[in-house]
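The values are calculated or read from the model by the stated rules, or taken from the named source; none is laboratory data. Being a predicted model, the structure only gives us computed values, none of them experimental. A quick note on method: Cβ atoms are made from the backbone with ideal geometry, for glycine too, and the neighbour counts reach across all protein chains shown.
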Amino acid sequence: MLFKPQVSLVFDEVTLNNGIFASNYYFKLKAFPVTKKPSSTKKPEVTNLGYDARQAPINIKLGQDEKIALYRDMVRIRRFEERCLRSYQQGKIGGFLHLYIGQESIAVGCASVMGKDDHIITAYRDHGHALAVGMGMNEMMAENYGKITGCSKGKGGSMHYFDPSRNFWGGHGIVGGQIPLGTGLAYALKYKGLKGACMAFMGDGSVNQGAVHESYNLAALWSLPVVFIIENNGYSMGTSQERSSAGPSLAQRAEGYGMNWAIIEDGHDVLAVRDKVGQALKLAHDKSLPSVLEIRTYRYRGHSVADPDTTYRDKAEIEAYKSTKDPLSVFQLSLLAEQTLTDELIQKIDESARAEAETSAQFADASPYPSIEDIKKDVYWEIDNPADRKSVGALFFD
Ligand SMILES: Cc1ncc(C[n+]2csc(CCOP(=O)(O)OP(=O)(O)O)c2C)c(N)n1
Ligand SMILES: [Mg+2]
């Protein structure tokens, strides 16, 4: 339909054709303003908006100590990352450093509903998930410093934390790259008849990656025990979610694959995260059904600490979120109101988290760098298995 008005002409050509023909029209399309998204037509299946998360069955049974532990875990993430930022500014950390500050309720809420057979995989903004599953600040800070005592022996840095003993499979730098891997973990569980499910985390910027859709397709087709968790903090680097992703919501795309999906508006509320993620995890455990959850959240710092964060969003936007939805403050107020926390305990938790983070910086500082020999270890090298060698190519470190 070549003679339609310009908007539909371009849209038709782009959707009906491919290759050069379509890309000719791409530049015209690019200039169009972003259209307002239509509202969702179908109710999400795993959601329950406008409710009191404290009354959810999974939360009502929480004891005081468990609630304090959730709060403490969020504080530990915040203080650890603030210390990381200082170390970066002191020139102790090279490469990138992506802070999770503002999103703590998600990692802590999700890890708290994980069973011992469940697995977790995430992107490069991985400090929160690592601490939440029980990794130690020392091995994490040392990894940031590139030291041999780091969890990846100093070869991965902040983006590549790993701890298979805690079913924590990283820490991945390629946007969306961890999603096929997480789907593979879920496949392996089902294939081997093992218990458990995989929680595969991604940012809002991942959802347009082809590999994410290929993963959705296989997860639904083979009914895999996986929960895809989109941490929608509103931005991929400096591009807002509205400017990068079409459709009414990021999670609703799951409908195309016949998967359960939900939007968790109150991602700042650790109890709401526990409830909704717990439901999706139960579906994975009991029925081997996959889900896509979109958890709305916000990051306070720039994309990485190298991002001056001055061009793509307003400071007032950051302050508005901080003052009304800060995950730590919101939970703290609620626990104070029910007298689970006292001012004294809050101070104690805070001081202890600061001291732990400070100790980790000293530990990292005092640790040695890997030797050249250490750097060569654990790198796949065909010469390690000469009998199985199938191809000839350049060998690492030869
Ligand atoms: C395949 C690929 N493309 C581009 C990049 C560069 N890049 C790194 S982070 C990022 C933004 C991702 O944003 P989002 O998924 O929303 O995660 P967030 O940083 O908000 O946690 C981009 C484009 C990359 N690492 N990998
Ligand atoms: Mg994002």
Inset, instruction - Scan the stretch 168-187 for residues that are under 15 Å from the mean Cα position of the chain (by Cα) and either over 12 Å from ALA200 (Cβ atoms) or hydrophobic (A, V, I, L, M, F, W, C) (or both) and report the count. - result: 8
Legend entry - Residue satisfying all of: in the stretch 211-241; out of contact with any Phe, Trp or Tyr (no Cβ under 8 Å at 6 or more places or on another chain) and part of a loop (DSSP other than H, G, I, E, B); farthest from MET114 (Cα to Cα) among these: MET237
Inset, instruction - Test ALA262 against the stated conditions and say whether it is in contact with a helix residue (DSSP H, G or I) (Cβ under 9 Å, 6 or more places away or on another chain) and under 26 Å from LEU333 (Cβ atoms). - result: yes
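Look at ALA186 and say whether it is touching a Leu at 6+ places or on another chain (Cβ under 8 Å), in contact (Cβ under 8 Å) with a residue 12 or more places away in the chain, more than 15 Å from ligand 1 (Cβ to nearest atom) and in a helix (DSSP H, G or I).
Values: touching a Leu at 6+ places or on another chain (Cβ under 8 Å): yes; in contact (Cβ under 8 Å) with a residue 12 or more places away in the chain: yes; more than 15 Å from ligand 1 (Cβ to nearest atom): yes; in a helix (DSSP H, G or I): yes.
Yes, satisfied.
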Legend entry - Single unsatisfied condition, ASN208 versus (1) more than 11 Å from ligand 2 (Cβ to nearest atom); (2) part of a helix (DSSP H, G or I); (3) over 22 Å from TYR187 (Cβ atoms): (2)
Inset, instruction - From the list ILE179, ILE174, pick out the single residue that is free of Cβ contacts under 8 Å to residues at least 24 places away in the same chain and under 28 Å from LYS155 (Cβ atoms). - result: ILE174
Inset, instruction - Considering each of SER352, SER323, SER371, SER367 in turn, give the residue that is hydroxyl-bearing (Ser, Thr, Tyr) and farther than 30 Å from THR149 by Cβ. - result: SER323
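Kindly indicate which of ILE318, ILE295 is surrounded by 17 or more Cβ atoms within 10 Å (Cβ to Cβ), among the hydrophobic types (A, V, I, L, M, F, W, C) and not in a loop (DSSP other than H, G, I, E, B).
Checking each option against the conditions leaves just ILE295.
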Inset, instruction - Name the residue, out of ARG125, ARG83, that is closer than 18 Å to ALA355 by Cβ, surrounded by 20 or more Cβ atoms within 10 Å (Cβ to Cβ) and in the same structural domain as GLN347 (by TED's automatic domain parsing). - result: ARG83
Inset, instruction - Go through (1) within 14 Å of ligand 2 (Cβ to nearest atom); (2) farther than 23 Å from MET114 by Cα one by one and return the number of the condition GLN252 breaks. - result: (1)
Inset, instruction - Sort out which residues of the stretch 57-83 are among the hydrophobic types (A, V, I, L, M, F, W, C) and more than 24 Å from the chain's Cα centre (by Cα), and write them in order of number. - result: ILE60, LEU62
Legend entry - Single match in GLY150, GLY134, GLY154, GLY146 (criterion: under 20 Å from VAL227 (Cβ atoms), outside any strand (DSSP E or B) and either modelled with pLDDT of 95 or more or not basic (Lys, Arg) (or both)): GLY134
Inset, instruction - Would you point out the residue of the stretch 189-205, among those that are away from ligand 2 (no atom under 14 Å from the Cβ) and part of a helix (DSSP H, G or I), that is farthest from THR239 (Cα to Cα)? - result: TYR191
Inset, instruction - Inspect the stretch 152-169 for any residue being within 16 Å of ligand 2 (Cβ to nearest atom) and more than 23 Å from TRP222 (Cβ to Cβ) and give the result as yes or no. - result: yes
